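Comments concern the structure below.
The values are calculated or read from the model by the stated rules, or taken from the named source; none is laboratory data. This is a predicted model, so every value here is computed, not measured. Neighbour counts are summed over all protein chains in view; Cβ atoms, including those assigned to glycine, are modelled from backbone coordinates with ideal geometry. With ligands, DNA and RNA removed, areas are computed over all heavy atoms of the protein, side chains included. Shrake-Rupley method; radii C 1.70, N 1.55, O 1.52, S 1.80 Å.
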Amino acid sequence: MTKRALISVSDKAGIVEFAQELKKLGWDIISTGGTKVALDSAGVKTIAIDDVTGFPEMMDGRVKTLHPNIHGGLLARRDLDSHLQAAKDNHIELIDLVVVNLYPFKETILKPYVTYADAVENIDIGGPSMLRSAAKNHASVTVVVDPADYAVVLDELSANGETSYETRQRLAAKVFRHTAAYDALIAEYFTKQVGETKPEKLTITYDLKQPMRYGENPQQDADFYQKALPTDYSIASAKQLNGKELSFNNIRDADAAIRIIRDFKDRPTVVALKHMNPCGIGQADDIEKAWDYAYESDPVSIFGGIVVLNREVDAATAEKMHGVFLEIIIAPSYTDEALAILTNKKKNLRILALPFDAQDASEVEAEYTGVVGGLLVQNQDVVKESPADWQVVTKRQPTETEATALEFAWKAIKYVKSNGIIITNDHMTLGVGPGQTNRVASVRIAIDQAKDRLDGAVLASDAFFPFADNVEEIAAAGIKAIIQPGGSVRDQESIDMADQYGLTMIFTGVRHFRH
């Protein structure tokens, strides 16, 4: 009995060659619409779908394959006589191979100014139905959704006259992943359209970007996936210009770095980061000077760190960075001379270019955090804050220089791991106390790191001071200005302590925990 294949593809890459080989192997080919036109034009004889169904394609192609003559031919179990008899009684011929890929829904919704009607029209119905029918009956039917699998199918058909069960099972699994991802995109689109913010089912889909050598530690397997609808301002979308493949820890650190620098759009800024915490932030009128400040913040911790710059890297800045061992440099662009300097004798240095003009769009993306047996979802901590809304709670008001420094410090504290403390002046960080189990320990670490540079320094705390001893430590170090959220039942004790030592203290009313 002649084997029959059904071919209906939107992505026609390689399909003519595949069909030609099938014909050489003696297969009949059923086809539809544009695929039939492409195959017929290439001299591949095909059977029209309406010759199989006895119905014309109708409703602008919406109804053409949803018919018992198609799905009966796909779903009939070859090991059950009752199925085969039912097919014979109803004049249904079996279909042994399905090659289908779907209407370009993803590509459609990624177009600028796409209309709702266009999006809806590009939701495939018949394609997923055929794929699912064929995949369900993979015991007998081969189903192909990815042109990358054409070669293996042809190899097995040429060698054995049929595909192996293992191949059919693997291809069926790929189909169900493919249709699940396709439906997830549609669900996400409609969920946004109707303004649903807490859907009862979370349907998200990602594409494999990079298999990784290992995860956080060598004993941990890991992979890097990218959103199916890519975010432009993302490490997953960055263009790598030099260096080794990014590791698991590289990606997490780089992600933290590009989040931090989003808050420093107004002036040339450099952020140096190590182990998810900023170890140096510098801001100036030009990027070279901003680098100087970021480096001087902590020239020890920056060793082996990640650096992100929010302006084009020029030759002078590149010369300075070249002398420091860095894992990754990220910037919107590099001059040719700068790139030549940075890559000279540094084949492993990872250099990434990122579209900084897409920063605002990246802020709306939700954050997902895995826990055992669950997933936490939250919006990013990108609340817009204004110093005009802050409250000076002490008798002494900040000086103009202190006010500028406090604003800088408040931006800088946001991504220090909690309990987080940072000491800065008006253009650079001086000391960072991250991730301690009590706040006074974080204060002491930051002060120790900033010692001998505390003239004019200010201090920011990501959350309120639970006890006045924090303020006493700060005052003893000679720091005269503090910014913190407030909100403790003991706020007045901290205010009184600040007044006792002549400090100025601002409450912002906004907490910035980062676990």
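What the table shows:
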read-out	value
Meets criteria (more than 30 Å from LEU454 (Cβ to Cβ), among the hydrophobic types (A, V, I, L, M, F, W, C), touching a Phe, Trp or Tyr at 6+ places or on another chain (Cβ under 9 Å) and surrounded by 12 or more Cβ atoms within 10 Å (Cβ to Cβ)) for ALA412	no
Subset of region 18-38 [touching a residue at least 40 places away in the same chain (Cβ under 8 Å), part of a helix (DSSP H, G or I) and farther than 17 Å from VAL143 by Cβ]	GLU21
LEU6 being open to solvent by less than 20 Å² (accessible area, probe 1.4 Å) and modelled with pLDDT of 90 or more	yes
Given (1) surrounded by fewer than 15 Cβ atoms within 10 Å (Cβ to Cβ); (2) over 30 Å from PRO332 (Cα atoms), index of the condition ASP207 fails	(2)
Inter-residue pairs, beta-carbon under 6 Å, first closer than 19 Å to PHE264 by Cβ and open to solvent by 20 Å² or more (accessible area, probe 1.4 Å) and in region 294-322, second part of a helix (DSSP H, G or I) and of a type in the set (Val, Ile, Thr), 6+ apart	ARG311/ILE287
Subset of region 108-152 (residues that are under 16 Å from SER10 (Cβ atoms), assigned to a loop (DSSP other than H, G, I, E, B) and free of Cβ contacts under 8 Å to residues at least 24 places away in the same chain)	LYS111, ASN122
Every residue from region 114-160 that is open to solvent by 50 Å² or more (accessible area, probe 1.4 Å) and either among the aromatic types (Phe, Trp, Tyr) or on the phi > 0 side of the Ramachandran plot (or both)	TYR116
Residues located in region 287-328, provided they are under 20 Å from ASN242 (Cβ atoms) and assigned to a helix (DSSP H, G or I)	ILE287, TRP291, ALA315, ALA316, THR317, ALA318, GLU319, LYS320, MET321, HIS322
The listed residue being in contact with a Cys (Cβ under 9 Å, 6 or more places away or on another chain) and either of a type outside the set (A, V, I, L, M, F, W, C) or modelled with pLDDT of 95 or more (or both), out of VAL432, VAL458	VAL432
Positions within region 345-364 being touching a residue at least 24 places away in the same chain (Cβ under 8 Å) and either in a loop (DSSP other than H, G, I, E, B) or β-branched (Val, Ile, Thr) (or both), in sequence order	LYS346, LYS347, ASN348, LEU349, ILE351, LEU354, PRO355, GLU363
Residue match in region 388-401 (condition: among the small types (Gly, Ala, Ser), out of contact with any Gly (no Cβ under 7 Å at 6 or more places or on another chain) and open to solvent by less than 40 Å² (accessible area, probe 1.4 Å))	no
Matching entry among THR163, THR108, THR167 (being touching an Asp or Glu at 6+ places or on another chain (Cβ under 7 Å) and either among the aromatic types (Phe, Trp, Tyr) or crowded, with 22+ Cβ neighbours inside 10 Å (or both))	THR163
